[in-house]
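The values are calculated or read from the model by the stated rules, or taken from the named source; none is laboratory data. Worth saying up front: this structure is predicted, and the values here are computed from it rather than measured. As a convention, Cβ positions derive from the backbone with ideal geometry for all residues, glycine included, and neighbour counts pool all protein chains shown.
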Amino acid sequence: MGDRQLHQDHPVVMGVLNVTPDSFSDGGLYTDVDAAVQHGLRLRAEGADLVDVGGESTRPGAERVDARTEIDRVVPVISALAAAGVPTSIDTTRAEVAAAALEAGAELINDVSGGLADPELLAVAAAAGCPYVAMHWRGHSREMQQLATYTDVVAEVIGELRERIGAAQESGIAPERIIVDPGLGFAKTGAHNWTLTRHLDRLLELGHPVLFASSRKSYLGRLLPGPDGAPRPVEGRAAATLATNLLAVAAGVWGVRVHDVRATCDAVAVWRATGAPRLRTDASGTR
Ligand code: PMM
């Protein structure tokens, strides 16, 4: 297991591939293995550095599925993409699913619970020596919106991420393989998401690469209501998503997790053309 996904000379674009019937944006579109693989190939052709494969929806209120179901959804897709030379990550909170996905060829573990849902997952990442994304999380989808209470969201998210970095290191994950993510929309209101976006510089001070994942999320829909006051539907959130991602890239994040890969790669190319220096973040805290 290498670290090639970690050390890119450009901001990493992670394409979203949910093999689920119920994800908020692409749920139900790629439940068939062939359709999922075709979409993964398309994301890669459009410029994704990594295709992030998930088999359990984490949208607010979603019901959990069992590990067997999750494995049956993701493993055939990851195997086929790996065989086609497409780098993949596994979006899971479960050790068993992560182990099966790594075996099938996944190169990075994306854990939206930062090791809280299944502490065994940290040992799986440590043994594989793969990069590990620790997202800020306070509870499963059914309960997370009640947990969106902060007096200082930036300080609290940073403090709680610091604890997860500590737990990951205690389990044997090398500090330089730990990526952090503020977890937009996970136990966060729209106002929390905006504050975290404004203060990405403080998150970067943790000394770890930062992953930013705003793509099509509901707070963007609420920012742009229609004439009737209803939030803009998922299909109309691409431009707002792109704007947030460009802000994040300019702030120095390691990568962005997006549904619309081509547009994101175009925006990254625009940013790179300005010659703006990439902030280098490593785990020793130097930038
Ligand atoms: N959000 C979702 C799923 N996986 N992973 C990371 N690291 N960060 C996120 O914010 C995140 C994630 C939920 O959205 P989806 O339906 O787009 O997968």
ask   = Which of (1) out of contact with any Gly (no Cβ under 9 Å at 6 or more places or on another chain); (2) in a loop (DSSP other than H, G, I, E, B) does residue 183 not meet, given it meets every other one?
value = (1)
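Name the single residue that is nearest to the ligand (Cβ to nearest atom) among those in region 210-237 being small (Gly, Ala, Ser) and surrounded by 17 or more Cβ atoms within 10 Å (Cβ to Cβ). Can you show your working first?
First pass over region 210-237, keeping only residues small (Gly, Ala, Ser): 213-215, 218, 221, 226, 229-230, 236.
Filter again for surrounded by 17 or more Cβ atoms within 10 Å (Cβ to Cβ), leaving 213-215, 218, 221.
Values: 213: 3, 214: 8, 215: 6, 218: 10, 221: 13 Å.
Step by step, filter region 210-237, then rank; the result is 213.
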inquiry  = Please pick out the residue among 115, 105 that is touching a Leu at 6+ places or on another chain (Cβ under 9 Å), within 14 Å of the ligand (Cβ to nearest atom), over 17 Å from residue 254 (Cα atoms) and not aromatic (Phe, Trp, Tyr).
reply    = 115
note = Picking from 82, 100, 125, the residue that is among the small types (Gly, Ala, Ser), assigned to a helix (DSSP H, G or I) and in contact with a Phe, Trp or Tyr (Cβ under 8 Å, 6 or more places away or on another chain) would be 125
inquiry  = Among the residues in region 150-171, are any modelled with pLDDT of 95 or more, within 16 Å of the ligand (Cβ to nearest atom) and not in a helix (DSSP H, G or I)?
reply    = no
note = Over region 180-193, the set of residues within 15 Å of the ligand (Cβ to nearest atom) and either surrounded by fewer than 24 Cβ atoms within 10 Å (Cβ to Cβ) or not small (Gly, Ala, Ser) (or both) is 180, 181, 182, 184, 185, 186, 187, 188, 189, 190, 192, 193
request  = Please tell me if residue 218 is at pLDDT below 95 and of a type outside the set (Lys, Arg).
outcome  = no
query = For region 186-221, how many residues are in a loop (DSSP other than H, G, I, E, B) and closer than 14 Å to residue 244 by Cα?
reply = 6
task = Starting from region 6-27, keep only residues that are within 22 Å of residue 231 (Cβ to Cβ), then list their pairs with residues that are within 9 Å of the ligand (Cβ to nearest atom) and assigned to a strand (DSSP E or B) whose Cβ atoms are within a distance under 6 Å, requiring at least 6 positions of separation or different chains.
result = 16/52; 18/54; 26/18
inquiry  = Is it the case, given these coordinates, that residue 134 is within 22 Å of residue 14 (Cβ to Cβ), touching a residue at least 24 places away in the same chain (Cβ under 8 Å) and in contact with a Leu (Cβ under 9 Å, 6 or more places away or on another chain)?
reply    = yes
message = Within region 52-88, take every residue that is under 10 Å from residue 106 (Cβ atoms) and within 12 Å of the ligand (Cβ to nearest atom) and give me the one that is surrounded by the most Cβ atoms within 10 Å (Cβ to Cβ).
response = 53
message = So residue 41 ticks every box in (1) in a helix (DSSP H, G or I); (2) within 14 Å of the ligand (Cβ to nearest atom); (3) more than 26 Å from residue 210 (Cβ to Cβ) but one. Which box is left unticked?
response = (2)
ask   = Does residue 13 satisfy the condition of being away from the ligand (no atom under 11 Å from the Cβ) and in a strand (DSSP E or B)?
value = yes
query = Within region 1-15, restricting attention to residues that are closer than 17 Å to residue 264 by Cα and surrounded by fewer than 19 Cβ atoms within 10 Å (Cβ to Cβ), which residue is farthest from the chain's Cα centre (by Cα)?
reply = 9
Pair list, Cβ < 8 Å and 6+ apart or interchain, from region 258-287 residues that are aromatic (Phe, Trp, Tyr) to residues that are at pLDDT 95 or above = 271/11; 271/246; 271/249; 271/250
key: Residue selected from region 16-28 under the condition assigned to a loop (DSSP other than H, G, I, E, B) and within 11 Å of the ligand (Cβ to nearest atom), by the criterion surrounded by the most Cβ atoms within 10 Å (Cβ to Cβ)   = 19
